[in-house]
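Below is one structure, written out as structure tokens, with a few remarks after it.
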Amino acid sequence: MLIKKGNIMNKIEKVLKTQAKLGYWPGFTMAMYPSQFAYDPINVDFEKIWSDRNEVNLYYHIPFCKKICPYCGFFTIAQSDKDYIIKYVDKINEQMKVYSGYFHNKGLIKSICFGGGTPNYAPLEAYYRIFNTLNTINIDLDDKLEPSMEISPELVDEEYILGLNKVGIKRISLGVQSLDLDLRKTINRDNNYNLLQLVEVMRKYDMNINIDVINGIVGQTPKLFMKTLERLMEFKPETISIYPLAGKESSILKKDNNTMTNKEKYDLFRVLHDYLLEEGYYCESNVKFVLKNQTSTHQQKIYEYQGIDTLGLGCAARSYNYHTHYSVEERFNPTMRKSLLDEYISKDFRNLKYYGIHMNEQERKCRFAIYGIFIGCVDMNKYFKQFKSSFKTDFAVHVEAILNLGYVRETQNNELIITKEGRVYTDLICTQFWSDKVKELYKNTDKTGVK
Amino acid sequence: MNVKNKIYNLVILKSKIKKEKTDMKDSDDLIYDLGLGSLSLVELIVDIECEFDIEIDEDDIEQIYKFGDLVNYVTEKVNFR
Ligand SMILES: C[S@@+](CC[C@H](N)C(=O)[O-])C[C@H]1O[C@@H](n2cnc3c(N)ncnc32)[C@H](O)[C@@H]1O
Ligand code: SF4
């Protein structure tokens, strides 16, 4: 039995402490819960599961890139011609029309996000068609809508940005990854653009900007990473997303001198956290920092944390519906991508084969906890309202552990607020809130949850 | 039960490759021969810490690659407790 200052240290506390001590990192599995490794083949009753939903996020998956980056596990293919992409987009519009007929009340679209892949690999025509469809079907668009698009900076010019501005895109997320020229070469990214010039163009059209950077690229030292961040401070993007390089399972034991260990990455997080706070940002989650005194952020994620469903459109887009999470993507099998895309284009989406998970009360409770921790606040009153049971009873051992370790503090309003150390170990904490079923499934897969 | 037997029982609970006690060699690599992943390795360490009421130092863990290393390390810790 473990004794700590006269108390019995609970098992979760012990596990978390040891994991932190050893520098364990479960991979970037927290972007959604349950992660894709928990998906099995399922039947989806589309009409039934969407009929009672009123507010939805739209996620458009645009799975096309110029070339495939060595570290990337997203569902995307390289070098598609324009006609193929337009056919794909027409299919997406068809899919959206069918879905819009399912909502019993007129659906209210809370957020729109184009991800990929490289959405800017598609011609502007694609987006004219998508927004035309949205404007003609029976849905409402939320007043605060800030349509957002992921963009590869190597492939965009002023004309394209102007076009996006005209269709209504208000936020651009640039996949910068690193500004170090040598590191960029090692991850096969071109060095053909000038970030500051590009930013100037986006500002000219009033676009809000997010910058994606990766930490843990082979050869990247903490110092090199901070240099990239410092250069971003020259123009202060509204948000900065910092993703630890994921892909294969990270090892705590085997080290090569070129790669940061997980422990070094945890230390780096502490440094960059303090740096960005000093520069006027706040920490929204362990992977996102938001500039203060402005409202732009990744709306879709925030709404997902708040419990709003996401309708995924296009091949391999995931839908996070209250009743069911699903996607057509076969687990971790990149060789299937082109044939899945062909199938998506040629068939009715309702006749495709789906993978996913039917959500039960237990999974919803775990999801509530995990998303609360991810966003930095578990609102235990809201939990009680939603589940008619007490958070502290349902997760007694967990709550005790994370309070004892100083990863959260409790407020008088019955909230658990994450601390800086809690941010450092968010991914570890979240895995402790997985259901037994999801934990078991994770052990049986040797991949992390990156898409 | 001696330390080695206890550790064998804990390892076998977590390893993907289930070796008989008599087949387990000191030179068996925890990852390559016994199929432990990062997560199961951490769980194993927690189990060992609980079972023997010891703390495994973070710097030491990097030296422990093989079943025999683990047994020796824990034996030493238990003796010098
Ligand atoms: C779909 S990509 C977005 C845009 C665009 N295709 C690009 O790469 O510039 C989304 C982001 O995920 C991140 N990402 C991709 N693969 C990753 C990995 N293996 N580990 C961590 N982050 C990754 C990158 O920062 C990337 O910008
Ligand atoms: S990182 Fe971006 S550009 Fe590279 S393959 Fe992935 S989606 Fe495409």
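The values are calculated or read from the model by the stated rules, or taken from the named source; none is laboratory data. Because the structure is a prediction, the values reported are computed rather than measured. Note that we place each Cβ from the backbone using ideal geometry, even for glycine, and neighbour counts take in every protein chain shown. Side chains included, ligands, DNA and RNA excluded: accessible areas come from the protein's heavy atoms. Shrake-Rupley method; radii C 1.70, N 1.55, O 1.52, S 1.80 Å.
A few remarks follow.
Each row is one residue, and each column tells you yes or no for (1) part of a strand (DSSP E or B); (2) open to solvent by 10 Å² or more (accessible area, probe 1.4 Å); (3) within 16 Å of ligand 1 (Cβ to nearest atom); (4) within 25 Å of A:V176 (Cα to Cα).
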{"residue": "A:C72", "(1), (2), (3), (4)": "no, yes, yes, yes"}
{"residue": "A:I86", "(1), (2), (3), (4)": "no, yes, no, no"}
{"residue": "A:V89", "(1), (2), (3), (4)": "no, no, no, no"}
{"residue": "A:E94", "(1), (2), (3), (4)": "no, yes, no, no"}
{"residue": "A:N105", "(1), (2), (3), (4)": "no, yes, no, no"}
{"residue": "A:A126", "(1), (2), (3), (4)": "no, no, yes, yes"}
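- Qualifying residue in region A:412-421 (condition: outside any helix (DSSP H, G or I), out of contact with any helix residue (DSSP H, G or I) (no Cβ under 9 Å at 6 or more places or on another chain) and hydroxyl-bearing (S, T, Y)): yes
- Those residues of region A:81-132 which are at pLDDT below 95, closer than 24 Å to A:K144 by Cα and within 16 Å of ligand 2 (Cβ to nearest atom), in sequence order: A:G116
- Test: residue in region A:243-263 that is modelled with pLDDT of 90 or more, surrounded by 15 or more Cβ atoms within 10 Å (Cβ to Cβ) and hydrophobic (A, V, I, L, M, F, W, C): no
- Selection of region A:204-239 for residues being charged (D, E, K, R), at negative phi and touching a Lys or Arg at 6+ places or on another chain (Cβ under 8 Å) yields only A:E238.
- Meets criteria (at pLDDT 95 or above and under 30 Å from A:K97 (Cβ atoms)) for A:K301: no
- Filtered by the rule that a residue be under 29 Å from A:Q294 (Cα atoms), out of contact with any strand residue (DSSP E or B) (no Cβ under 9 Å at 6 or more places or on another chain) and free of Cβ contacts under 8 Å to residues at least 40 places away in the same chain, region A:167-203 gives A:N194, A:L196, A:Q197, A:E200.
- The helices (runs of 4 or more DSSP H) falling completely within region A:283-393 that include 1 or more residues that are open to solvent by less than 40 Å² (accessible area, probe 1.4 Å), of a type in the set (S, T, Y) and under 30 Å from A:C72 (Cβ atoms) map to A:299-305, A:337-346, A:361-375.
- Output for region A:47-70, where each listed residue is assigned to a strand (DSSP E or B) and either away from ligand 2 (no atom under 16 Å from the Cβ) or exposed (fewer than 15 other Cβ atoms within 10 Å of the Cβ) (or both): A:E55, A:V56, A:N57, A:L58
- Residues that are in a strand (DSSP E or B) and open to solvent by 60 Å² or more (accessible area, probe 1.4 Å), drawn from region A:268-282: A:Y282
- Just one of the listed residues (A:G117, A:G101) is open to solvent by 10 Å² or more (accessible area, probe 1.4 Å) and within 16 Å of A:R318 (Cβ to Cβ), namely A:G117.
Residues checked against (1) closer than 30 Å to A:Y442 by Cα; (2) within 14 Å of chain B (Cβ to nearest Cβ); (3) in contact (Cβ under 8 Å) with a residue 60 or more places away in the chain; (4) within 15 Å of ligand 1 (Cβ to nearest atom):
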| position | (1), (2), (3), (4) |
| --- | --- |
| A:P41 | yes, no, yes, no |
| A:C69 | yes, no, yes, yes |
| A:K97 | no, no, no, no |
| A:A122 | no, no, yes, yes |
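Let's see how each residue does on (1) closer than 24 Å to A:I12 by Cβ; (2) more than 11 Å from every other protein chain (Cβ to nearest Cβ); (3) open to solvent by less than 10 Å² (accessible area, probe 1.4 Å); (4) part of a loop (DSSP other than H, G, I, E, B):
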| residue | (1), (2), (3), (4) |
| --- | --- |
| B:S27 | no, yes, no, yes |
| B:Y32 | no, no, no, yes |
| B:L39 | yes, no, no, no |
| B:V42 | yes, no, yes, no |
| B:V46 | yes, no, yes, no |
| B:E49 | yes, no, yes, no |
| B:I56 | yes, no, yes, yes |
| B:D59 | no, no, no, no |
| B:V71 | no, yes, no, no |
